[in-house]
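The values are calculated or read from the model by the stated rules, or taken from the named source; none is laboratory data. Everything numeric here is computed off the predicted structure, so don't read it as measured data. A quick note on method: Cβ atoms are made from the backbone with ideal geometry, for glycine too, and the neighbour counts reach across all protein chains shown. Note: areas computed on protein heavy atoms with side chains; ligands, DNA, RNA excluded. Shrake-Rupley method; radii C 1.70, N 1.55, O 1.52, S 1.80 Å.
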Amino acid sequence: MLTQIHILLTYQCTWACDHCFLYCSPDSTGTFVGARLATLLDQAQEIGTVEWIYFEGGEPFLYYPLLLQGLGMARDRGFKTGIVTNGYWATSVADAEAWLRPLVALQVSDLSMSDDTFHGGDAAAPVKAAIAAARRLELPVNVIRVDGPAPDGAADASGRKGAAIEGGPVRFRGRAADRLTGGLPLHDAERFSECPHEDLRTPERIHIDAFGAVQFCQGLSIGNVWHTPLKQLLAEYDADAHPICGPILAGGPAQLARSCGVAADDGYVDACHLCFQTRRALLDDFPESLTPRQAYGVV
C-alpha cells in the first residue's frame with residue numbers, strides 16, 4: 001500500500017556526490033513550479049492511502065520559497081511532511097535557526113540531514129550547525145550517513161558497519177556505479193537473481209520528479225503524472241507486464257539482462273550495479289520506462 005510520495009523538488013544540487021543515486025549536480029535540470037506541486041498533491045489526495053509527502057532532490061533548499069509553498073500546501077491537505085537536505089545553507093547555528101523557524105510553523109514532521117564523508121562531513125561542515133539549530137527548535141531530526149564502498153557490507157574506513165542513524169552502505173546505482181566500484185570484488189551476473197531493495201509490485205514509497213516520472217526506483221518509471229493521473233497509473237500498473245519491472249520480478253537483474261539481450265559479462269559489485277548498467281544499456285529501447293536519462297549520467 002502506497003503511504004509515501006517523495007517529491008524530487010529539483011535535480012539541482014550544491015554537490016555532485018560520488019554515491020548519488022540520481023546523478024544530481026549544480027548543472028542538473030528539472031525543477032517543479034508551484035502550480036504543478038498543487039496538481040501533484042491533489043493527485044496524492046485522491047489515492048486515499050498516502051500519509052507522508054517528502055521534499056528532496058537534489059537539494060530542495062535551493063528553491064526555498066517553493067519548498068515552503070509546497071510544505072504549506074501538503075500540510076493544508078492533511079499530509080505529514082518531511083525534507084531531505086545536505087544543510088549547505090547553515091553558515092552558523094543562528095543563521096540555520098532563521099532558515100528552519102518557518103518549518104516549525106509549517107509543522108514539518110521529519111528533517112533528514114546528510115552528514116557523512118560524501119557531503120564534506122567534518123567537524124566544521126554546515127550540516128552540523130543545521131542539526132544543532134533543528135534540535136534547538138525541537139524539529140524532529142534524522143541524520144543520514146552513507147558508508148563508503150566496502151565489499152559485502154564490511155565496515156568502511158570510518159570503522160562503521162551500516163549507518164549510525166539512517167542510511168547504510170553505498171548502493172551501486174547512479175554515479176556510484178561509475179565512480180565507486182574500483183577495487184571492489186566483482187561477481188557473476190547470475191548471482192543477482194532478485195532485487196534486494198525495492199518492492200516493484202506494491203511499493204510503499206515512490207518518487208516523482210518535475211518531468212512527471214513516477215519512479216519505483218531511481219530512473220525506473222511506470223508512467224507520467226502530467227499525462228495520466230497518479231491514481232489511474234497505479235490502478236492500471238501491471239508489474240509483470242512492465243518491460244523492466246517484470247523481468248526483475250521474475251529473476252532479478254540477471255533476468256533483465258537475459259530477457260533484453262544485454263551482455264552481462266564484466267562482473268558486478270552488487271545487484272544494483274548490474275541492474276543500473278543493464279538499464280542504461282536499454283535507455284533507447286524503453287525511453288518511457290527508463291527516465292529521466294540524466295539519472296543515468298546521460299544527457
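With a simple spin-label model that places each label point 7 Å from the Cα along the Cα-to-Cβ direction, the separation between T228 and F286 comes to 1.5 nm. With protein chains left intact and a 1.4 Å probe, residues in the stretch 188-249 average 45 Å² of accessible area per residue. Applying both filters, DSSP loop and at most 15 other Cβ atoms within 10 Å, to the trypsin sites (Lys or Arg not before Pro) of the stretch 40-101 gives R77. Expressed as a whole percent, the accessible surface of the chain that belongs to carbon and sulfur atoms is 49, based on a 1.4 Å probe.
Under a model in which nothing but the beta-carbon of Lys, Arg (+1) and Asp, Glu (-1) is charged, the chain shows a dipole of about 560 debye around its Cα centre. The spacing between the stretch 1-66 and the stretch 168-240, judged by their C-alpha centroids, is 16 Å.
What shape does the chain take by its C-alpha gyration tensor, where a ≥ b ≥ c are the square roots of the eigenvalues and a/c under 1.5 counts as rounded, a/b above b/c as prolate, and the rest as oblate? Taking the square roots of the gyration eigenvalues as a ≥ b ≥ c, the chain is oblate.
Look at the alpha carbon pairs under 8 Å that are at least 6 residues apart: their mean separation over the length of the chain gives a relative contact order of 19 percent.
As a calculated quantity, the FRET efficiency between D95 and R293 at R0 = 35 Å, using C-beta atoms, amounts to about 0.40. For the stretch 90-120 versus the stretch 254-299, the inter-centroid distance based on Cα atoms is 36 Å. Between V33 and L137, the C-beta separation translates, for a Förster distance of 41 Å, into a calculated FRET efficiency of about 0.90. Take the Cβ atoms of R77 and D178, set R0 to 35 Å, and the FRET efficiency comes out at 0.35. Each stretch of four or more DSSP H residues adds -39500 (n - 2.57); spread over every residue of the chain, this sum gives -9000 deg cm²/dmol at 222 nm. Placing +1 on the Cβ of every Lys and Arg and -1 on the Cβ of every Asp and Glu, with no other charges, gives the stretch 195-265 a dipole of roughly 40 debye about its Cα centre.
Report the full-extension gain for the segment S193 to D18: residue separation times 0.36 nm, less the Cα-Cα distance, to one decimal in nm. Intermediate results must be reported in sequence, preceding the final value.
On the way: separation 175, 0.36 × 175 = 63.00 nm, distance 2.62 nm.
Full extension from S193 to D18 adds 60.4 nm.
Remark: the stretch 73-150 carries 41 Å² of accessible area per residue (probe radius 1.4 Å; ligands, DNA and RNA excluded). For the chain, DSSP calls about 20 percent of its internal beta bridges antiparallel.
Taking a ≥ b ≥ c as the square roots of the eigenvalues of the Cα gyration tensor, the stretch 1-54 is oblate, since a/c reaches 1.5 or more and a/b is not larger than b/c.
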